[in-house]
Amino acid sequence: MKAYVPNYNLICPTNLNQALNILSEKKVKLFAGGTDLMVLFETGKLTEGEYLSLHAISELKGISENNNEILIGSLTTYNEIKESLIIQNNFPLLISAAKVTGAIAIQNRGTIGGNIANASPAADTPPALLCYEAKITVKNKKEERKIDLSKFYLDYKKLDLAPNEIITCIHLPKKKIEGNEYSFYHKVGTREGQAISKVCFSLRVIIKNKIINYFKLGLGSVSPTTILAIQTEKLMAGEMLTKVLIKKAQNEILKDISPIDDIRSSAKYRKKITQNLIGHYLELILKENSYK
Amino acid sequence: MIQIEVTLNSKKIKLKGHPMERLLDSIRNTGAIGTKEGCGEGECGACSILLDGKLVNSCLIPLAQVEACEIITVEGLAEGKKLNSLQQSFLQCGGAQCGICTPGMLIASTYLLNKFPIPSREEIKEGLAGNFCRCTGHTKIIESIENLNKKGCHYEGVCSKL
Ligand SMILES: Cc1cc2nc3c(=O)[nH]c(=O)nc-3n(C[C@H](O)[C@H](O)[C@H](O)COP(=O)(O)OP(=O)(O)OC[C@H]3O[C@@H](n4cnc5c(N)ncnc54)[C@H](O)[C@@H]3O)c2cc1C
Ligand code: FES
Ligand code: FES
């Protein structure tokens, strides 16, 4: 253990108002499941000072729904997401993401709010959430804002989040789009569960009468933040899926991504893998639709 | 410093320490040193415990977060002086060598068996994916759990919150 424990404090409010009050009065950093922060702590890299634990705030837990959306409390764990019937039935990409995030002990403790706020470009749930046009609510003592997750990531580890704000909730719209829905989640890493992604690929396509009615591609580890492939989406939406279009998409994707070399992989490999994954999964969809 | 009350292996006790002290250290400081430290970073599972019935890594949990929780460690598995059927199966099948990973393996297996009383090989592998053994290889550990199935003795839960 490299950290000097007495130089840290962890306060544990039991409701959201208490937490927001504390945040408005003094400089404290948020602490949820701790699965990112405790690793920094262990290695002596966690900034010393006072932290505010969200673990006892029941308003931030659990999954519910209203007419238009499914609401996931930011403190909801991977395990709770995996076991939720509403999520299983409507958001398969999120289930796949939860399943490949860490091993079971991490899934029992790590939270979806922590995964979003940790802002790792390699985080495994944002690519899935982006495919469902997720929004998040952030609150401070005075007001709350609801923002698109796709606009939340500003740059590497930079978020549209003030120090006095808490992410309280993730919203997944219940939008029905006509056609057949295909979704594929693929994490490329040395081991599926525990390893950090080299590339995280989350694709959601809806086809109606051979025309691409909806196209979202969420990606991790290929840019300074997790991203939606906007250029590729523009190319694909409204088009008829053909072999030629798939080839074009494989080129277009290079405009969306800007991978780097690091200890886990190289930029060249990441580009190639992303192109191959697009090719592979779009071919699968094409095959299915050429019989219809 | 804080003082909180927890239930450790069915006994109510008080834990005293700094709020950010790792639960792993607080538990070991009570004298219950069955729970081991391997990596200290959530990767190896040597520090696995059941917290309110859920499998977690005690190296990643700060003391302040476990007020009023129920904790089961490897010391809570035996029935008095008698090893439970899972522990006996590890003995019979050579599921332990140096023993460092064993407490974590037993706890992760307990969680698994509470969910899937007769787990498939795939379920066992997934259930133990966060636990590393550097001695026996994982085959004998998997066999220790499968051996339990063959004998048809289902594992009985140890945690009231499961
Ligand atoms: C062994 C291991 C394996 C892992 N594998 C994966 C993996 O495969 N894929 C993956 O994506 N991640 C992985 N992780 C990382 C981690 O588990 C996840 O990012 C997890 O979701 C973090 O959630 P947490 O609640 O533990 O966050 P914490 O560690 O508590 O916090 C992380 C950050 O988020 C902030 N934060 C937390 N909650 C909020 C909130 N509600 N509002 C605003 N800010 C908040 C904190 O201030 C902190 O900066 C792994 C970690 C370990 C130790
Ligand atoms: S010591 Fe906790 S997981 Fe390795
Ligand atoms: S028995 Fe030695 S590490 Fe598993």
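Rule-based calculations on the coordinates, nothing more; no lab input. These figures come from a predicted structure and were not determined experimentally. Cβ sites come from the backbone with ideal geometry, for glycine too, and all protein chains shown count toward neighbours.
Specify whether the C-alpha gyration tensor of region A:3-147 places it in the rounded, prolate or oblate class, a ≥ b ≥ c being the square roots of the eigenvalues: rounded for a/c under 1.5, otherwise prolate if a/b is larger than b/c and oblate if not. Judged from the Cα gyration tensor, region A:3-147 comes out oblate (a/c at least 1.5, b/c at or above a/b).
Would you mind ranking A:270, B:28 so that the residue whose beta carbon has the fewest other beta carbons within 10 Å leads the list? Walk me through the numbers before you get to the answer.
Values: A:270 24, B:28 18.
Ranking A:270, B:28 by Cβ neighbours within 10 Å, fewest first, gives B:28, A:270.
Could you compute the FRET efficiency for residue A:209 and residue A:231, with r as their C-beta to C-beta distance and R0 at 22 Å, rounded to 0.05? Calculated transfer efficiency: 0.30.
Please say if region A:130-183 is rounded, prolate or oblate, where rounded means a/c under 1.5 for a ≥ b ≥ c the square roots of the C-alpha gyration tensor eigenvalues, and otherwise the choice is prolate for a/b larger than b/c and oblate otherwise?
On the way: a/c = 4.05, a/b = 1.90, b/c = 2.13.
Oblate, since a/c reaches 1.5 and b/c is not below a/b.
Rounded to the nearest 0.05, the FRET efficiency derived from the C-beta distance between residue B:125 and residue B:78 at R0 = 22 Å is 0.25.
Please tell me the relative contact order of region A:58-173 in percent, rounded to the nearest whole number, where contacts are Cα pairs under 8 Å and at least six residues apart. Don't jump to the answer; show the numbers that get you there.
Values: 199 pairs, mean separation 32.8, N = 116.
Relative contact order of region A:58-173: 28 percent.
Counting other Cβ atoms within 10 Å as a rough exposure proxy, the listed residues A:281, A:4 run A:4, A:281 from fewest neighbours to most. A cut-off of 5 Å between modelled amide H atoms, ignoring neighbours fewer than 5 places along the same chain, links residue A:199 with A:188.
Taken over region B:1-114, lysine pairs spaced eight or more positions apart, or on distinct chains, with alpha carbons under 24 Å apart number 15. 3J(HN,Hα) along region A:55-66: 4, 9, 8, 5, 4, 8, 9, x, 10, 9, 8, 10 Hz, from the Karplus curve 6.51 cos²θ - 1.76 cosθ + 1.60 with θ = phi - 60°, whole Hz, x for Gly and Pro.
Work out the FRET efficiency for residue A:287 and residue A:254 from their Cβ-Cβ distance, taking R0 = 30 Å, and round it to the nearest 0.05. Intermediate results must be reported in sequence, preceding the final value.
On the way: r = 25 Å, r/R0 = 0.82.
Efficiency at R0 = 30 Å is approximately 0.75.
Here the residues A:1, B:105, A:240, A:38, ranked from fewest to most Cβ neighbours within 10 Å of their Cβ, fall in the order A:240, A:1, A:38, B:105. At full extension, residue A:195 and residue A:140 could sit 16.4 nm farther apart than now, given 0.36 nm per residue minus the alpha carbon distance.
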